[in-house]
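The values are calculated or read from the model by the stated rules, or taken from the named source; none is laboratory data. All values derive from a computational prediction rather than experimental measurement. Counting neighbours? That spans all protein chains shown, and the Cβs are built from the backbone with ideal geometry, glycine included. Side chains included, ligands, DNA and RNA excluded: accessible areas come from the protein's heavy atoms. Shrake-Rupley method; radii C 1.70, N 1.55, O 1.52, S 1.80 Å.
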Amino acid sequence: MALRTILTDGDPALHKACRPVTNFDQRLHDLLDDLKETLANANGAGLAAPQVGILRRAVVVVDVEDNMLELVNPEIISQEGEQEGFEGCLSVPGRWGVVKRPLKVRVRAQDRDGNFFEAEGEEIVARCFCHEIEHLDGHLFTEHTDRLYTTEELDQMMEEQGE
């Protein structure tokens, strides 16, 4: 396993659609392991292959039990409800925006060996599924928000709401 460099907004790789994974081999296993290690090191909620410069449809997402879920060739098959909240991205460091997402999302994906499975997430996990899958199509959360806030502005707003 190895830490990979997380690309930041402005890098052209973040705005390109990814190709499906067709080879479920050691290279894919290494990529998934590296994504998990890089995500853990960055203390994020999800990471997509294009964020480390690999234009393949693979992501990892942290679930509510702090397990890292590997999704290869994921697609959203159903969604319900709506939530609105602050969202950030490891590729847009120090910036946050208010984004509307579904409250509940079900995805169909493959595991590292090519076996199909379905997973469901609510709230933050649903948000992560949508966010990471959008990366695979070359999109960033910044396309869904009217304003980006700095970490300091976000902290101040959270502090004011806590009073």
Shape of region 1-82 from its Cα gyration tensor (a ≥ b ≥ c, root eigenvalues): rounded if a/c is under 1.5, otherwise prolate when a/b > b/c, or oblate?
-> rounded
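Tell me the net charge near THR5. Cut-off is 12 Å between Cβ atoms, THR5 excluded, with +1 for each Lys or Arg and -1 for each Asp or Glu. The partial results should precede the final answer.
Numbers: positive: ARG4; negative: ASP11, ASP34.
Computed value for this residue: -1.
What FRET efficiency would be calculated for the residue pair LYS16, ASN67, taking the C-beta separation as r and a Förster radius of 30 Å, to the nearest 0.05? Spell out each step's value before the answer.
Numbers: r = 29 Å, r/R0 = 0.97.
Approximately 0.55, to the nearest 0.05.
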D_trans [Stokes-Einstein, Kirkwood Rh over alpha-carbon pairs] for region 89-163, 37 °C, 0.692 mPa s, µm² s⁻¹ = 230
C-alpha center-to-center spacing [region 1-50, region 68-87] in angstrom | 17
Could you check how much of the accessible area of region 22-163 is carbon and sulfur, as a whole percent, using a 1.4 Å probe?
-> 42
Convex hull (Cα only) mean projected area of region 46-125, reported in nm² to one decimal = 5.7
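Using helices alone, what [θ] at 222 nm do you get for the chain, with -39,500 (n - 2.57) per DSSP H run of 4 or more residues, divided over all residues and rounded to the nearest 500? Present the calculation step by step, with values, prior to reporting the outcome.
On the way: 3 runs with 42 residues, N = 163.
About -8500 deg cm²/dmol.
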Choose one answer from GLU122, GLU132, GLU65: the residue with the largest mean-square fluctuation in a GNM of the chain with alpha-carbon springs under 10 Å.
-> GLU65
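Roll a 1.4 Å probe over the protein chains and send me the accessible area per residue for region 1-134 in Å².
Values: 6700 Å² over 134 residues.
With all protein chains present, region 1-134 gives 50 Å² per residue.
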Give me the angle, in degrees from 0 to 90, between the Cα long axis of helix 124-136 and the longest principal axis of the Cα atoms of the chain, rounded to the nearest 10.
-> 60
Label ASP137 and THR5 with points 7 Å out from Cα along Cα→Cβ: what is the distance between them in nm?
-> 2.9
Could you give the C-alpha radius of gyration of the chain expressed as a fraction of 2.2 N^0.38 Å, taking N as the number of residues it contains?
-> 1.01
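For ASN43 and PHE86, compute 0.36 nm times the residue count separating them, minus their Cα-Cα distance, and round to one decimal in nm. Mind showing how you got there, number by number?
Values: separation 43, 0.36 × 43 = 15.48 nm, distance 1.67 nm.
Extra length from ASN43 to PHE86 when fully extended: 13.8 nm.
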Reachable lysines from LYS16, Cα under 24 Å, same-chain residues fewer than 8 places away excluded?
-> LYS36, LYS100
Local electrostatic count at GLU70 - Lys and Arg +1, Asp and Glu -1, tallied over other residues with Cβ under 13 Å | -4
